[in-house]
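Colleague: This is the structure I want to talk about, given as structure tokens.
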Amino acid sequence: MPRPATVHVCSACGHTEGKWHGQCPGCGEWNTLVEERPAARDSGRGPARAGRAARPVPLAEVRAPRVARLWTGIGELDRVLGGGLVPGSLVLLGGSPGIGKSTLTTMALGRLAGAGRRTLYVSGEESAAQVRLRAERLGDGTMDVPVLAETDLDTVLSTLEHERPDVCVIDSVQTLHAPELAGAPGSVGQVREVADRVARVAKARDVAVVLVGHVTKEGSLAGPRVLEHLVDAVLQFEGERERTYRTLRALKNRFGATADAGVFEMRGDGLVEVADASARFVESATREPGSVVLAAMEGTRPLLVEVQALVSPSELVPPRRVVSGIDRNRLALVLAVLARHAGVGVGSADVFVNVVGGMRVDEPGADLAVALAVAGAARGRGIGDPAAAAPPACFGELGLTGELRPVAHGERRVAEAARFGLNPVLAPEGAGPKARGLGSLRDALRAALPGPSRAAA
Ligand code: TYD
Ligand code: MG
């Protein structure tokens, strides 16, 4: 079969060239030309062809049969998917190398195979022997999963057509190669072509496909997020490789909400769901100066996490500001508000803030916890009454004038703290009768660190 000629299309201006150029001759931008098959392009962007007009149907008359979902048996994954995989759908699972994408997908296929589903694991990254070595540790049906170690797209698609599994994992989309495009595997043109052709087979044969994608340094999936519009759902596996906990979030989901997140723990025998992460974090929380329990939200679920701060004299100008699990700029804001509106200055000290267990809390509700942890560390005092059975919990956003501002789901956060007997719950006003409503950071400090203070060493 002669190889069809490909074209190179500028992703900035749409200019088309036969050959690849580093700089687009049309608009002068660099590195914007992407290789494409002309046929794929014509079908989408060509002039409208004469056709028979169709009759639009009122939504009320549209029949929408409920499709049975494919439960992977991994509760946190099913929940983030919005109730399991939808047959014929395409899911992109992204995450940095080593985070556990292969582990999670192998486990899911194992459970599905154990439940009598037809599965297929396509590995373009590892040999069949390597896949087996991982699977051996994961138990539960994983050894029944058929594996295909292959990087040629045509072979993979033919195998899909022939095997017609219910669920197929392609690990990873960047390793498959469409022979009719000249670009290297993983290039934008290749990745788009692979996903596009896999999607067609998935829809036609009702195969649920999970495409694994490595996240590049810039944090985008498979280069410039080229696949997001092509797939039905985008899941992101986050966390730090060396840390225990990982979170799975839906960034896009045609079949469910995107607010949900799942928490996993990486162990010697695979990923283990952490159904009650709050219990873990509360149990391990210390009452030492600089430790604060934050009632955070992980998607639509409340989650109690421990925020720790260390404040120590610095020889550096400017002093260190080191964060893990929160945004660095947010710490700068909290430190400024602490100094300006609450009389807690740490200008000549190093400040370290860490969310325990490798969790990330990128939400304004974390401000108060960070502020109390830093203030407690600076004053050498634990927050709350040391004689009380449980530590307080807190949440709230800091305004630039030192006020404490309400955040979403206040009552659910308070209820989660109450579930573990944390008392009081220091919160912005309006978070319900069970919380101690506070108007400003100054009030919160008074409630959390009453009495005279002992300066930090
Ligand atoms: P992996 O799933 O291969 O990550 P990815 O496909 O996202 O690149 O595994 C990630 C890491 O997890 C790997 O370094 C080894 C470790 N690991 C465990 O700790 N326990 C296990 O049971 C498995 C399978 C892996
Ligand atoms: Mg992998």
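Colleague: Which of the residues spanning region 259-277 are more than 19 Å from Met107 (Cα to Cα) and buried (at least 17 other Cβ atoms within 10 Å of the Cβ)? Spell out the reasoning first.
Modeller: First pass over region 259-277, keeping only residues more than 19 Å from Met107 (Cα to Cα): 259-260, 276-277.
Asp260, Ala277 - these are the residues of region 259-277 that are more than 19 Å from Met107 (Cα to Cα) and buried (at least 17 other Cβ atoms within 10 Å of the Cβ).
Colleague: Right, next: Can you name every residue in region 104-139 that is within 22 Å of Val198 (Cα to Cα), within 12 Å of ligand 2 (Cβ to nearest atom) and not in a strand (DSSP E or B)?
Modeller: Leu104, Thr105, Thr106, Gly124, Glu125, Glu126, Val131
Colleague: On the given criteria, is Leu248 touching a Gly at 6+ places or on another chain (Cβ under 8 Å), more than 16 Å from ligand 2 (Cβ to nearest atom) and either in contact (Cβ under 8 Å) with a residue 12 or more places away in the chain or of a type outside the set (Val, Ile, Thr) (or both)? Walk me through how you get there before you give the answer.
Modeller: Numbers: touching a Gly at 6+ places or on another chain (Cβ under 8 Å): yes; more than 16 Å from ligand 2 (Cβ to nearest atom): no; either in contact (Cβ under 8 Å) with a residue 12 or more places away in the chain or of a type outside the set (Val, Ile, Thr) (or both): yes.
No; evaluated as a whole, the condition is false for this residue.
Colleague: Among the candidates Thr175, Thr103, single out the residue that is touching a Leu at 6+ places or on another chain (Cβ under 6 Å) and polar (S, T, N, Q). Lay out the reasoning, then the answer.
Modeller: Working: Thr175 fails: touching a Leu at 6+ places or on another chain (Cβ under 6 Å).
Just a single option satisfies the conditions, and that option is Thr103.
Colleague: So which of Gly94, Gly100 is touching a residue at least 12 places away in the same chain (Cβ under 8 Å), surrounded by 22 or more Cβ atoms within 10 Å (Cβ to Cβ), within 12 Å of ligand 1 (Cβ to nearest atom) and within 19 Å of the chain's Cα centre (by Cα)?
Modeller: Values: Gly100 fails: surrounded by 22 or more Cβ atoms within 10 Å (Cβ to Cβ).
None of the other options fit; the residue is Gly94.
Colleague: Restricting region 113-123 to residues that are more than 12 Å from Met143 (Cα to Cα) and away from ligand 1 (no atom under 12 Å from the Cβ), which is surrounded by the most Cβ atoms within 10 Å (Cβ to Cβ)? Full working, then the answer.
Modeller: Taking region 113-123 and keeping what is more than 12 Å from Met143 (Cα to Cα), we get 115-118, 122-123.
Imposing the further condition that a residue be away from ligand 1 (no atom under 12 Å from the Cβ) reduces the set to 115-118, 122.
On the way: Ala115: 14, Gly116: 8, Arg117: 18, Arg118: 14, Val122: 28.
Going through the qualifying residues, I end up with Val122.
Colleague: Mind telling me which of the residues Val323, Val351, Val305 ends up being among the β-branched types (Val, Ile, Thr) and open to solvent by 10 Å² or more (accessible area, probe 1.4 Å)? It would help to see each step written out before you state the result.
Modeller: Values: Val351 fails: open to solvent by 10 Å² or more (accessible area, probe 1.4 Å); Val305 fails: open to solvent by 10 Å² or more (accessible area, probe 1.4 Å).
Testing whether each residue is among the β-branched types (Val, Ile, Thr) and open to solvent by 10 Å² or more (accessible area, probe 1.4 Å) leaves just Val323.
Colleague: Right, another one. Within the bounds of region 214-234, is there any residue that is in a helix (DSSP H, G or I), away from ligand 1 (no atom under 16 Å from the Cβ) and within 30 Å of Leu310 (Cβ to Cβ)?
Modeller: no
Colleague: Also, quick follow-up: Filter region 127-139 down to residues that are surrounded by 17 or more Cβ atoms within 10 Å (Cβ to Cβ) and not small (Gly, Ala, Ser) and give me whichever is farthest from Gly268 (Cα to Cα). Lay out the reasoning, then the answer.
Modeller: The first filter runs over region 127-139 and keeps only residues surrounded by 17 or more Cβ atoms within 10 Å (Cβ to Cβ), leaving 131, 135, 138.
Pick out the ones that are also not small (Gly, Ala, Ser) and you get 131, 138.
On the way: Val131: 16, Leu138: 9 Å.
Among residues in region 127-139 that are surrounded by 17 or more Cβ atoms within 10 Å (Cβ to Cβ) and not small (Gly, Ala, Ser), the one farthest from Gly268 (Cα to Cα) is Val131.
Colleague: Then there is this: Do you know which residues across region 354-369 are more than 16 Å from the chain's Cα centre (by Cα) and open to solvent by less than 10 Å² (accessible area, probe 1.4 Å)?
Modeller: Val355, Gly365, Ala366, Asp367, Leu368, Ala369
Colleague: Out of region 67-93, which residues are in contact with an Asp or Glu (Cβ under 9 Å, 6 or more places away or on another chain) and not aliphatic (A, V, I, L, M)?
Modeller: Of everything in region 67-93, those that are in contact with an Asp or Glu (Cβ under 9 Å, 6 or more places away or on another chain) and not aliphatic (A, V, I, L, M) turn out to be Arg69, Trp71, Thr72, Gly73, Gly75, Glu76, Arg79, Gly82, Gly84, Pro87, Gly88, Ser89.
Colleague: In addition: Restricting attention to region 87-102, which residues are in contact with a helix residue (DSSP H, G or I) (Cβ under 7 Å, 6 or more places away or on another chain) and within 14 Å of ligand 2 (Cβ to nearest atom)?
Modeller: Residues satisfying the conditions are Leu93, Gly95, Ser102.
Colleague: Sticking with this structure for a sec: Please tell me if Val210 is touching a strand residue (DSSP E or B) at 6+ places or on another chain (Cβ under 6 Å), open to solvent by 10 Å² or more (accessible area, probe 1.4 Å) and modelled with pLDDT of 95 or more.
Modeller: Numbers: touching a strand residue (DSSP E or B) at 6+ places or on another chain (Cβ under 6 Å): yes; open to solvent by 10 Å² or more (accessible area, probe 1.4 Å): yes; modelled with pLDDT of 95 or more: yes.
Here the answer is yes, as Val210 does meet what is asked.
Colleague: Also: Residues in region 140-149: is at least one closer than 17 Å to Arg205 by Cβ and either surrounded by fewer than 24 Cβ atoms within 10 Å (Cβ to Cβ) or within 14 Å of ligand 2 (Cβ to nearest atom) (or both)? Reasoning before the result, please.
Modeller: Keep residues of region 140-149 that are closer than 17 Å to Arg205 by Cβ, which gives 146, 148.
So of that shortlist, the ones also either surrounded by fewer than 24 Cβ atoms within 10 Å (Cβ to Cβ) or within 14 Å of ligand 2 (Cβ to nearest atom) (or both) come out as 146, 148.
Yes, that holds for at least one residue.
Colleague: Ser96 - would you say it is within 19 Å of Leu211 (Cβ to Cβ) and among the small types (Gly, Ala, Ser)? Spell out how you get there, then give the answer.
Modeller: Details: within 19 Å of Leu211 (Cβ to Cβ): yes; among the small types (Gly, Ala, Ser): yes.
In short, yes.
Colleague: Next question. Among the residues of region 154-207, write down those that are under 26 Å from the mean Cα position of the chain (by Cα) and in a loop (DSSP other than H, G, I, E, B).
Modeller: Asp166, Ser172, Val173, Gln174, Thr175, Leu176, Pro185, Gly186, Ser187, Val207
Colleague: Quick one: how many residues across region 295-335 are in contact (Cβ under 8 Å) with a residue 12 or more places away in the chain and more than 20 Å from Leu248 (Cα to Cα)? I'd like the intermediate steps shown before the answer.
Modeller: Within region 295-335, the subset in contact (Cβ under 8 Å) with a residue 12 or more places away in the chain is 295-314, 316, 319-327, 330-331, 333-335.
Narrowing further to those that are more than 20 Å from Leu248 (Cα to Cα): 307-314, 316, 319-323, 330-331, 333-335.
Counting residues in region 295-335 that are in contact (Cβ under 8 Å) with a residue 12 or more places away in the chain and more than 20 Å from Leu248 (Cα to Cα) gives 19.
Colleague: What's the total number of residues in region 393-443 that are open to solvent by 40 Å² or more (accessible area, probe 1.4 Å), within 24 Å of Ala285 (Cα to Cα) and of a type in the set (Lys, Arg)?
Modeller: 4
Colleague: Could you please give the count of residues in region 150-174 that are away from ligand 2 (no atom under 16 Å from the Cβ) and open to solvent by 10 Å² or more (accessible area, probe 1.4 Å)?
Modeller: 11
Colleague: Could you check region 175-190 and list, in sequence order, the residues that are within 16 Å of ligand 2 (Cβ to nearest atom) and in contact with a helix residue (DSSP H, G or I) (Cβ under 6 Å, 6 or more places away or on another chain)? Full working, then the answer.
Modeller: So the first thing to find is which residues in region 175-190 are within 16 Å of ligand 2 (Cβ to nearest atom), and the list is 175-176, 185-186.
The one that is within 16 Å of ligand 2 (Cβ to nearest atom) and in contact with a helix residue (DSSP H, G or I) (Cβ under 6 Å, 6 or more places away or on another chain): Leu176.
The values are calculated or read from the model by the stated rules, or taken from the named source; none is laboratory data. This structure is a prediction, so every number in the text was calculated from the model and none was measured. Positions of Cβ are generated from backbone atoms using ideal geometry, with glycine treated the same way; all protein chains shown enter the neighbour counts. With ligands, DNA and RNA removed, areas are computed over all heavy atoms of the protein, side chains included. Shrake-Rupley method; radii C 1.70, N 1.55, O 1.52, S 1.80 Å.
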